[in-house]
1. Gain in length, E237 to V171, computed as 0.36 nm per residue apart minus the alpha-carbon separation, to one decimal in nm?
2. Between D367 and A178, what is the FRET efficiency for a Förster distance of 51 Å, r being their Cβ-Cβ separation, to the nearest 0.05?
3. Using only Cα atoms, tell me the angle between helix 35-56 and the longest principal axis of the chain; keep it within 0 to 90° and round to the nearest 10.
4. Quickly rank 184-193, 7-16 as a protection proxy: mean count of other C-beta atoms within 10 Å, highest first.
5. Starting from 0.36 nm per residue, how many nanometres of slack lie between E397 and R80 once their C-alpha separation is accounted for?
6. For helix 62-79, what angle does its Cα long axis make with the longest principal axis of the chain, in degrees from 0 to 90 and rounded to 10?
7. How far is helix 81-95 tilted, in degrees, relative to the longest principal axis of the Cα atoms in the chain, given as a value from 0 to 90 rounded to the nearest 10?
8. Which residues does the label zone of D226 cover in region 260-286, counting backbone N under 13 Å from a point 7 Å along Cα→Cβ?
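Values quoted throughout were computed directly from the atomic coordinates according to the rules given, and no laboratory measurement underlies them. All values derive from a computational prediction rather than experimental measurement. A quick note on method: Cβ atoms are made from the backbone with ideal geometry, for glycine too, and the neighbour counts reach across all protein chains shown.
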Amino acid sequence: MATRDAGAIHRAIEAVWRIESAKIIATVARMVRDVGLAEELAQDALVSALEQWPEEGVPDNPAAWLTQVAKHRALDRLRRGQLAERKAPEIGRELDAQHEMAQADFAEAVDAALDDDIGDDLLRLVFTACHPVLSTEARVALTLRLMGGLTTDEIARAFLVPEATVAQRIVRAKRTLAEARVPFEVPRRHELEARLASVLEVLYLIFNEGYAATAGDDWMRPALCDEALRLGRIVAELVPGEAEVHGLVALMEIQASRTAARVGASGEPVLLLEQNRARWDQMLIRRGFAALARAESLGGAFGPYALQAAIAACHGRARTAGETDWPRIAALYDALAELSPSPIVELNRAVALSMAFGPAAGLEVVDALMGEPALQGYHLLPTVRGDLLFKLGRLDEARKEFDRAASLTRNTRERALLLARARACTPN
């Protein structure tokens, strides 16, 4: 044991918990088959660390210490009455042990079995946290809590919602999983694709909220991007044969490479074509290219995430905005619209068409979207239309679109940008 001051010890505990909590919860969840209870037992271990380490010092292997304490708490619960009676058959099957074994032998068998590869447990945990039985908001909150180790307060601040709201979502999510008797397991092959799509959706929602915050005073929240990318890399290593996982990782890597260039000195947004590409992170771009190549190596047609990654790669390869291969991007959006049609994809396709073939070509597509119910209230529709009208010299119409877009966005930085663009449409 190495004794440290209380502040350093608390920082060490916080760091270990952030890195290792998912593994600890996953390990315990395999024992108790209940992610809510597993988190509670892991939290008990954390409390024990907060109580003991300031007196005894930080253990040489703090993650193992926390895991062992949580496992012992789980064993205590399993040995007590009703829970042990209900779970014993499952535990017995998994550990290949007899229900009648002595308690000492039972504990030894559990310890031996839980020394298996943690990857399987982490995969079970992410599939459980992202189970389709939960609402989208609940899946996001539970994933950040269980897989990311974020506190309820941190999640609330990241999404600009009250802490009580996040806490309620997490509690309800755990209750829903328990009531639905969602098994703590990797889904079978016949349902893997749909379940994996739910996981990828959650990760990309987290990333996008960090990449372009929907509300608040900041244009970006890089910590959310980092967390989504970290989790995406983990999932990609856990299911290396799934091309769309690598496609999503490639997309997030390349988009994250622009983080430093997307915000100006005063925190104002800097749009893609105006960014200083020397500030793009070349290491992340190379990682993105590698992940995209990995997706391609698995064969078959690209899925939606891999297609979007291929679009991002076109930007990543262009040393200047003028070198961007817009015809290829337009063709990729055509493929994406055919594979996964949506009004958002069509709006992005309009932008690509305008850059490849002129603003009139893009405006034709945008005008066809003006009555689309799903885009009513979506600020990027008038934003794109305003930009195309501006390029066509129809300044009065453009100004009205930018004003409308500014009234719809909930992000302070974006509103300021849109109002500035509206003012630029008024002749001096």
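1. Extending this stretch completely gives an extra 20.8 nm.
2. In this case the efficiency is close to 0.55.
3. For helix 35-56, the angle is close to 70 degrees.
4. Ranking, from highest mean packing down: 7-16, 184-193.
5. Full extension of this stretch gives 107.0 nm more.
6. Around 60 degrees separate the two axes.
7. 80 degrees
8. 260, by backbone N distance to the label point.
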